[in-house]
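Data first, discussion second: the structure below is written as structure tokens.
Every number here is computed from the coordinates shown, using simple stated rules; none is lab data. Computed from a prediction, not measured in an experiment: that's the story for all the values here. Note that each Cβ is placed from the backbone with ideal geometry, even for glycine, and that neighbours are counted across all protein chains shown.
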Amino acid sequence: MEDEQKEIAIKVAGDKYRTILHEETENKDIQWRHGGPPIFYEVNKLFEEGRTKVWPKGSLEETVQNAIKTWEMEFSHKTRLQDFKSICPEKFRLFVNGREGLTGEEVLRLGSYNSLLKSSMPEEFQTYYKASEETFESSHDSFRAALPRGFAWEVISVYSGPPVIAYKFRHWGYFEGPYKGHAPTGEMVQFYGLGILKVDESMKAEDLEIYFDPAELFAGLLKGQPLSDQPTTISHRDTGDICRGDDNNHQETMD
């Protein structure tokens, strides 16, 4: 009953880190990937409990942090670029670790995990993740199972203001479900990175450059013992994969 009340309250109130959800909850014209607006209760809780910075309301740091959270929400949960409010659809490009830029439509088709990990993986980890063999849903599902409480994101520092915003970020979650045949450790997995966000006068993204080391993430996800070596009673552990049709699980891939 308490969980139901929380969900009702969230649906009514929207989301304090992704404020466009306030006005989009009742918008029937938006096409959502899972049938309706996402709910980020669990990952917001993880974010608030684990963040290292609490930025003043209205500060540049808070504005950038919320803008990236909104960007990620739209790419993960909307199916049409025309419904996006966080980017300039005709101009937007995503550049990851110096690769050729992806258009908004390409990111929407690939999914945010595939977009971030495409050609970025060190060779020793490519056995466990090949973007060319993953779909939008398969890539999200595997991380949802591994990080059932979500994958939180925060701004650590902002080095320059708009229109070209340079910032440092941290991404973290708890490895509490299996990943690619490896048992969960229960430990925190995290990585740090740098971003350069170019925005227009309305703070809509035109370009986003991301630099990070995928090995930081995958080293944590592959620490667990191979499931084939686990006793049967352990291999049946509940993964906590929550596919509810709201956020289908509160993940933040970029944010």
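Here are some notes:
- Cα centroid separation - the range 114-141 against the range 18-72, whole Å: 25 Å
- Pairs exceeding 26 Å between alpha-carbon atoms, taken from LYS45/LYS78; LYS28/LYS118; LYS91/LYS118: LYS28/LYS118.
- Between ASN97 and GLU137, the distance separating the two model label sites (each 7 Å from Cα on the Cα→Cβ line) works out to 2.8 nm.
- Each label was represented as a point 7 Å from its Cα along the Cα-to-Cβ direction; for GLU106 and GLN190 these points are 3.2 nm apart.
- Computed from backbone phi with θ = phi - 60° and the Karplus coefficients 6.51, -1.76 and 1.60, the 3J(HN,Hα) list for the range 75-82 is 5, 7, 10, 9, 10, 10, 4, 5 Hz; x is used for glycine and proline.
- Under a 5 Å amide H cut-off, with hydrogens placed 1.01 Å from N, ASP207 pairs with ARG93, LYS198 among residues at least 5 apart or on other chains.
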